[in-house]
Amino acid sequence: NSVSKHASYVAVDYTLKKYVRKPRGSAPGLAVYTQEKTLHIDKV
């Protein structure tokens, strides 16, 4: 049930591994990132 499923383009964030971290005490699988860049990709 993705919100972007029916959108004409999708925003994709990316960053380097050194800017990704897990907050102390957070749920498994949760990560936060900084220094991100965003690409707007047209769906095919």
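In the chain, which longest range has no trypsin sites (Lys or Arg not before Pro) that are both DSSP loop (not H, G, I, E or B) and surrounded by at most 11 other Cβ atoms within 10 Å?
Details: sites that count: 24, 43.
Longest run free of exposed loop sites: 1-23.
Karplus-based coupling profile of region 6-20, in residue order and whole Hz: 10, 7, 7, 9, 10, 8, 10, 8, 8, 7, 7, 4, 5, 9, 10, with θ = phi - 60° in 6.51 cos²θ - 1.76 cosθ + 1.60 and x standing for Gly or Pro.
For the chain, what class follows from the C-alpha gyration tensor (a ≥ b ≥ c being the square roots of its eigenvalues): rounded when a/c is under 1.5, otherwise prolate if a/b is larger than b/c, else oblate? Can you show the working numbers first?
Working: a/c = 4.39, a/b = 1.72, b/c = 2.56.
Note, shape of the chain comes out oblate.
For residue 5, the lysines whose Cα falls under 22 Å of its own Cα, not counting residues fewer than eight places away in the same chain, are 37, 43.
Computed over the chain with a Gaussian network model linking Cα atoms closer than 10 Å, the most mobile of 20, 32, 12 is 32.
Bridgeable aspartates and glutamates around residue 22 (alpha carbons under 19 Å apart, same-chain partners fewer than 8 residues away excluded): 13, 36.
Specify which residue in the list 14, 38, 28 is farthest towards the positive end of the charge dipole of the chain, using unit charges on the beta carbon of Lys, Arg (+1) and Asp, Glu (-1), about the Cα centre. After comparing all options, I get 28. Per-residue 3J(HN,Hα) values for region 37-43, derived from phi via the Karplus relation 6.51 cos²θ - 1.76 cosθ + 1.60 with θ = phi - 60°, read 10, 10, 10, 10, 9, 6, 6 Hz in sequence order (x marks Gly and Pro).
The simple Förster model, with R0 at 25 Å and r as the Cβ-Cβ distance, assigns residue 40 and residue 17 a FRET efficiency of 0.65.
Only Lys, Arg, Asp and Glu carry charge here, each on its Cβ (+1 for the first two, -1 for the last two); on that basis region 3-42 has a dipole of about 320 debye about its Cα centre. Pairs of Cα atoms nearer than 8 Å and 6+ residues apart set the relative contact order; for region 3-42 it is 51 percent. Taking 0.36 nm per residue of separation and subtracting the current Cα-Cα distance, fully stretching the chain between residue 24 and residue 10 would add 2.0 nm. Counting Lys and Arg as +1 and Asp and Glu as -1 over every other residue whose Cβ lies under 10 Å from the Cβ of residue 14, the net charge comes to -1.
Where a number appears in this text, it was derived from the coordinates with a stated rule and is not lab data. Just so you know, these numbers come straight off a predicted model, no measurement behind them. We place every Cβ from the backbone using ideal geometry, glycine too, and count neighbours over all the protein chains shown.
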